[in-house]
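Asks: Okay, here's the structure, questions in a sec.
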Protein chains: 4
Amino acid sequence: MVGGGQGAFIGAVHRIAARLDGEFTLVAGALSSTPERARESAAALGLDPARSYAGFEQMAAAEADRPDGIEAVAIVTPNHMHVPAAKAFLARGIHVICDKPLAATEEDADSLAEVVRVADALFILTHNYTGYPMIRQAREMVAAGALGPLRLVQVEYVQDWLTRPLEAEGSKQAEWRTDPARSGAGGAVGDIGTHAHNLACFVSGLEVEELAADLQSFGTGRRLDDNGHVMLRFRGGARGMLWCSQVAPGNENGLRLRLYGPAGGLEWHQEQPNHLWFTPEGGPTQRLTRGGPGAGPAAAVVSRTPSGHPEGYLEGFANLYTEAAAAIRGFAPGGPPAPGLLPGVEAGLSGMRFITACVRSSQANAAWVRL
Amino acid sequence: MVGGGQGAFIGAVHRIAARLDGEFTLVAGALSSTPERARESAAALGLDPARSYAGFEQMAAAEADRPDGIEAVAIVTPNHMHVPAAKAFLARGIHVICDKPLAATEEDADSLAEVVRVADALFILTHNYTGYPMIRQAREMVAAGALGPLRLVQVEYVQDWLTRPLEAEGSKQAEWRTDPARSGAGGAVGDIGTHAHNLACFVSGLEVEELAADLQSFGTGRRLDDNGHVMLRFRGGARGMLWCSQVAPGNENGLRLRLYGPAGGLEWHQEQPNHLWFTPEGGPTQRLTRGGPGAGPAAAVVSRTPSGHPEGYLEGFANLYTEAAAAIRGFAPGGPPAPGLLPGVEAGLSGMRFITACVRSSQANAAWVRL
Amino acid sequence: MVGGGQGAFIGAVHRIAARLDGEFTLVAGALSSTPERARESAAALGLDPARSYAGFEQMAAAEADRPDGIEAVAIVTPNHMHVPAAKAFLARGIHVICDKPLAATEEDADSLAEVVRVADALFILTHNYTGYPMIRQAREMVAAGALGPLRLVQVEYVQDWLTRPLEAEGSKQAEWRTDPARSGAGGAVGDIGTHAHNLACFVSGLEVEELAADLQSFGTGRRLDDNGHVMLRFRGGARGMLWCSQVAPGNENGLRLRLYGPAGGLEWHQEQPNHLWFTPEGGPTQRLTRGGPGAGPAAAVVSRTPSGHPEGYLEGFANLYTEAAAAIRGFAPGGPPAPGLLPGVEAGLSGMRFITACVRSSQANAAWVRL
Amino acid sequence: MVGGGQGAFIGAVHRIAARLDGEFTLVAGALSSTPERARESAAALGLDPARSYAGFEQMAAAEADRPDGIEAVAIVTPNHMHVPAAKAFLARGIHVICDKPLAATEEDADSLAEVVRVADALFILTHNYTGYPMIRQAREMVAAGALGPLRLVQVEYVQDWLTRPLEAEGSKQAEWRTDPARSGAGGAVGDIGTHAHNLACFVSGLEVEELAADLQSFGTGRRLDDNGHVMLRFRGGARGMLWCSQVAPGNENGLRLRLYGPAGGLEWHQEQPNHLWFTPEGGPTQRLTRGGPGAGPAAAVVSRTPSGHPEGYLEGFANLYTEAAAAIRGFAPGGPPAPGLLPGVEAGLSGMRFITACVRSSQANAAWVRL
């Protein structure tokens, strides 16, 4: 693991997700750019001190040399470190599981994509919300035509944790996420807007053709957007709106997706992820539940318990890791960069183009920008 | 009453609303432009046949001449008839309670506004959602600073009844609402978008400064928009989005309002109107209920029953009528066009400017249009 | 109207309900046992002072003598006055619409029943929750076998307004409702338990065969129960539980009904009355909405607006009044005591037997008592 | 692990829970009483074949002899095997983590309790619902007096999976759970009623003094109860009801707890476990969220992610395992049988007494039975 030392958030999530189905064991890490924190974090996790590295470069080199070296690495640093770290491991044939967004800049992202395309290892991006069973169910239903040709895709990802200027109050999380040097050009739009965009595309099977974005920064002294309004036009004629915000009190992690076509509608909310609301046109709304009647194999294969036993964020995240393990076992050099439903570098590039387009559109007074 | 004959929807609602608090008695009408339907409708409602008129012009003239003539008239026709009917009654000093939107065209609306400003009678527009107790509560809280200076206003009004092209299947409602000659330039945006716009402004106390709208018509052969995405910029710096749709299966009458400021957030849904969700920044979300703890006098004065006894659409509508009765009792010629919280011609003009701006913006590829 | 003067709650509800569909006009009353309050209340309601009476006896006599005397009377007094008042009007051929429960004592109830059976007038009891459209829908579905032979009926009616001893703090409502002389032997069980019992029987079509009740009085110094736990055995083999409480903070008017059979389940909550949740065995749960797909004519005939326009407590109450008006119009002496779905004296007797059985069972340490 | 071979449900849950925080590694098992299934299951889990045993007796003996023998064993068999298996391991100083209920009979349970009290090892019973963060939060609030002295405890655990007679359709789960020889005297009351009872006691801090139970068996040919209605009297004066059912269509795993006192109320639902609804008397209801404002350290120490990231069944289960690991690390012979908040043999005995009391009460026509 690169990143994820003490004080970080997403590193611990990756560790649990990797472990949940027993597919991965953490044996080495460059857990922090601060040597002392790296050491202490490694000790707390029970790593062999010899495999606690000062940086990803050393780690990649040393692990590649070991006969028992790591098969895969999880990269969970701030955004600007994703690309150099990923390149270091891919160059040595070590599979990479990387947090999103792909990079801090589109240039970095493109250069990584070139590396990925010729690498002898997999690159997997943890757009974790795609791992939720009822998201898989929704995707399957859309693909099977349950809604007819999609007309509307409404997605929002709404939080409240940056309502106050936490970055001025000592929050490490708030600091790097509002710092253009470490996060890139997008604030909320990069941090959570990309998730919303990714999820909308994953479930709908559509791609955004052009968008018009109005980004704002409400927090005092904040250098990146903390709220974004985006109108979407998808290839093929569907339309949509995307709202991302980190300044809306009462919203914790409000990722919500709604899709409509002439034959029906679907609605899903991340905070109640085991339910999917389906309305066939002309019929009553149905509450589909993970594992319950009406939910099919797409949800079942990523479920661990019967219906009524809530599975949540960690289980959804773990589904990506477990699918990554299967992909790694089945990997042959020259194979596809990310197999099956797993998001790979293409999803990452799509997310980067989304961020860039939002920022450019907003700078042009919400003019339409093609992706 | 003008309009509201058999087969109409909103006329019956007005009649119940007028009667609910015992403030109005229906005694005369020009209930339909079709003479036979007018006659039959009047008979069904128990009107004196002598006071069932062939048209609003005759009705206004005859009732003004009667010593026991009507004090007020409800106009519940399709949009294009609002203005001529209203003028006929106002000219004779008869108060007008008119359904929204104000008119089919902005020119009509402006000409009515001029009449209203010098009329010896009140003009009241039934933007009925402003009559809900918890909407009054929300408005009061925003005005009292419970959210701090508003940053975000998110509003949506989502239906599904036009998912199929009902106007081609013999639905009278669908026919006139999708007919530019009778509805005006806006379809969904005029029918329900105006409600959303009105409600957002009523509660927030803000005015839209400019907007960018992307309107669509998904129904086969449909002549007016049935879905609209709008980005909003309010005077003073708040931002928002408005979504209106009549083609989203699973949504019956989904009018939903959310407001956020640095000090808190509010959320309200028309289909569960007795609840208002309030989150003070840094505190847990509270469910405020009509009549319950935390709900103040603004809600109480428009409530009839204790908390837990759901009041709904008709009660909210009736609140406007009952306030109209009080206004009529207190009316003195030369008084204000619409007193207190009642929406009047200015609210109607604002709605017309909203519709026009949405249509113009959409025709200009969602360019910003100032209101 | 008898009762319902200033300071009362349910009288105002009856007046709105009577007026809502334009079927009744209030013209006379004995609104309070306190003469001054009676006079003032009558004046506030705009009654002819000559028809504001000092007591129900005078009112019945005088109105029966007038050529334009009342056709029907609403009795909305505390429980112990229901029977004498009803008898006075029935004796003169004036139809009676009476609040529940039927009486304060079973003896009173029985004596009224005898009168009703031979009266030349209708007796209707306002078990108002039976007027909700989705309750009618549920009844229809159960009768049609949508659940199969019922196995389980779970009902609860939970409030919190007596958590504190309001009767010692000057609340008129709390005073008479906790006073055995005016309320009868049941407190919560009489006030709201009867509603729960009535609703469970109305929807299920079943009768309680025996019950075991454990009643409590938690409020300091309270003389009647404020909480009751009841196990139910229905004729035919179904089983159930009933919980009524007025001391459960966070519950405003929480009347909730759930029914289950081998073929499916139904769930309804009074505070969201436009929804009915139906689960066919082996299928996903469906949200049936008033006026929406899957809701049939039983709900439609007692609805005034399309789906998505919430109708609530007053509309449900008004449905009984409007059905009463139809019954009165169709009444012929010697006819049935209460026609169609309207609750009459038999429902009232059933409620009285329920109260008595609960109290007797509880006094016998929750022994089973047959009804 | 003893039990948990292919086709079982709870074994897989225990394995994930044990692994989730990285505290346990599965190295040995007697996974099935059928040798072939035991072998295949062990192979599928990657166990060393030498440590896949034919029975718990061999396993206990062999593992106790190994220098690298197991520290703890998870027992996840049908109920009747819990006691002999637990005794075998405890006798050898191996810690036991055992699924609930404690045993199939009260005699078995008592004999185990005697062993536990003198054992040189811990005995932990996985009443897993006590591991949910918001249950810990609720317990803390009750203990701190947020509700005042408890008056009411309402608990229900409602499922629908046995609506049809699955035990006659080849379901292994349904077979043993409806078989008195393997499950004991209680069906639903033993399988899920014990969870409800345990949770009510855990959160309230109260003990049931006496109960009256009416158990039914609705499934055709079913030998154990599949539905139970129970009235509860707690020591100290609180009262309650418990409903458990496996035949209520539309309920998947509906464990729901409500508690009320003079100072407030609490409500929690297992299927939305990250929310806890708190109503202080006289104030609005608050939605407390795991990790959100108003949720304190009791919830935080058993949480892994920030608010808004749903944690569910597996995380709650894992909390017990992780606390068990801490207890095992801190164990000294002669120590308490189950430390801290972990349920141990006393909780198990309490559950057995609850089952027995329910069955005895029901056989005596719901007479009160003291625990």
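Asks: Taking the number of other C-beta atoms within 10 Å as the exposure measure, put D:ASP68, D:ASP191 in order starting with the fewest.
Replies: So the residues, fewest neighbours to most, are D:ASP68, D:ASP191.
Asks: Which whole number gives the average count of other chain Cβ atoms within 10 Å of the Cβ atoms across peptide C:150-157?
Replies: Numbers: counts 0, 10, 9, 0, 6, 0, 2, 0.
Partner-chain Cβ atoms within 10 Å, mean over residues of C:150-157: 3.
Asks: Please work out the C-alpha center-to-center distance from segment D:35-49 to segment A:144-212 and express it in whole Å.
Replies: The distance from the Cα centre of segment D:35-49 to that of segment A:144-212 comes to 45 Å.
Asks: If you don't mind, another one. For peptide C:271-280, compute the average count of partner chain beta-carbon atoms within 10 Å of each residue's beta-carbon.
Replies: Numbers: counts 8, 5, 3, 6, 3, 1, 3, 3, 11, 3.
For peptide C:271-280, the averaged partner shielding equals 5.
Asks: Volume per residue, Å³, of the convex hull around the alpha-carbon atoms of segment D:148-221?
Replies: Working: hull volume 8.3 nm³, N = 74.
In segment D:148-221, the Cα hull volume divided by residue count equals 112 Å³.
Asks: Now, a different point. Along Cα-to-Cβ, 7 Å out, sits the label point; list in nm, shortest first, how far the one on C:GLY282 is from those in the other copies.
Replies: Result for C:GLY282, in nm, nearest copy first: 2.5, 5.6, 5.7.
Asks: Can you give me the long-range amide H partners of A:GLY265? Hydrogens built in the peptide plane at 1.01 Å from N, cutoff under 5 Å, separation of 5 or more residues or another chain.
Replies: Correct list: A:THR279, A:GLU281.
Asks: Antiparallel DSSP bridges in chain D: what percent, to the nearest 5?
Replies: Taking every DSSP beta bridge within chain D, about 70 percent pair in antiparallel fashion.
Asks: Beyond 20 Å, what percent of the Cα pairs of segment A:242-347 remain?
Replies: Value for segment A:242-347 (Cα pairs over 20 Å): 56 percent.
Asks: With the convex hull built on the Cα atoms of chain C, state its orientation-averaged projected area in nm².
Replies: That works out to 18.1 nm².
Asks: Taking D:ARG66 in one copy and the same position in all the others, each labelled 7 Å out along Cα→Cβ, what are the pairwise distances from the first, in nm, shortest first?
Replies: 2.5, 9.6, 9.8
Asks: Let me have the 222 nm mean residue ellipticity of chain C computed from DSSP H runs of 4+ only, each contributing -39500 (n - 2.57), with the sum over all residues rounded to the nearest 500.
Replies: Helix contribution divided over all residues of chain C: -10000 deg cm²/dmol.
Asks: Please pull out the direction-averaged projected area of segment B:1-141, using the convex hull of its alpha-carbon atoms, in nm² to one decimal place.
Replies: Details: hull surface 36.6 nm².
That works out to 9.1 nm², a quarter of the Cα hull's surface.
Asks: Work out from phi, with θ = phi - 60° and the Karplus expression 6.51 cos²θ - 1.76 cosθ + 1.60, the ³J(HN,Hα) of each residue of segment C:189-204, listed in order in whole Hz, and give x for Gly and Pro.
Replies: 5, x, 6, 10, x, 5, 4, 4, 4, 4, 5, 4, 6, 4, 6, 6
Asks: Output the relative contact order of segment A:266-345, whole-number percent, from Cα pairs under 8 angstrom with separation of 6+ residues.
Replies: Relative contact order, segment A:266-345: 17 percent.
Asks: Note the count of lysine pairs whose C-alpha atoms are less than 29 angstrom apart in the protein assembly as shown, limited to pairs 8 or more residues apart or on different chains.
Replies: So the count works out to 12.
Asks: Right, here's the next one. Within 10 Å of each Cβ of C:206-215, how many other protein chain Cβ atoms are there on average? Write down the numbers at each step before the final one.
Replies: Details: counts 0, 0, 0, 0, 1, 0, 8, 1, 8, 1.
That works out to 2 on average.
Asks: Working only with C-alpha atoms, what are the Rg and Dmax values of the protein assembly as shown, expressed in angstrom?
Replies: In Å, with Rg to one decimal and Dmax whole: 34.1, 111.
Asks: State the Cα centre-to-centre distance between segment D:88-106 and segment A:94-121 in whole Å.
Replies: 51
Asks: Among C:55-66, C:179-190, how do they line up by average Cβ neighbours within 10 Å per residue, starting with the highest? Walk me through the intermediate numbers first.
Replies: Numbers: C:55-66: 17.3, C:179-190: 23.3.
So the order, starting with the most tightly packed, is C:179-190, C:55-66.
Asks: In percent, what relative contact order does chain A have, based on Cα pairs under 8 Å that are 6 or more apart in sequence?
Replies: 21
Asks: B:THR130: net charge of surrounding residues, Cβ under 12 Å, Lys/Arg +1, Asp/Glu -1, itself excluded?
Replies: Every neighbour counted, the sum reads +2.
Asks: Considering the rotational relationship between chains C and B, which residue of chain C contributes the beta-carbon of minimal distance to the axis, and what is that distance to the nearest Å?
Replies: Closest to the rotation axis on chain C: C:GLY312, 2.
Asks: Can I ask one more? For label points placed 7 Å from Cα toward Cβ, what is the shortest-first list of nm distances from C:ARG360 to its copies?
Replies: 3.0, 7.9, 8.4
Asks: When the convex hull of the Cα atoms of segment D:177-318 is projected onto a plane and the area is averaged over all directions, what value comes out in nm²?
Replies: 10.4
Asks: For the protein assembly as shown, what proportion of DSSP beta bridges, expressed in % and rounded to the nearest 5, is antiparallel?
Replies: 70
Just so you know, all these numbers are worked out from the coordinates, no wet-lab data involved. What you see is a predicted model, and the numbers here were worked out from it, not measured in a lab. With ideal geometry, Cβ positions are generated from the backbone for all residues, glycine too; neighbour counts draw on all protein chains shown.
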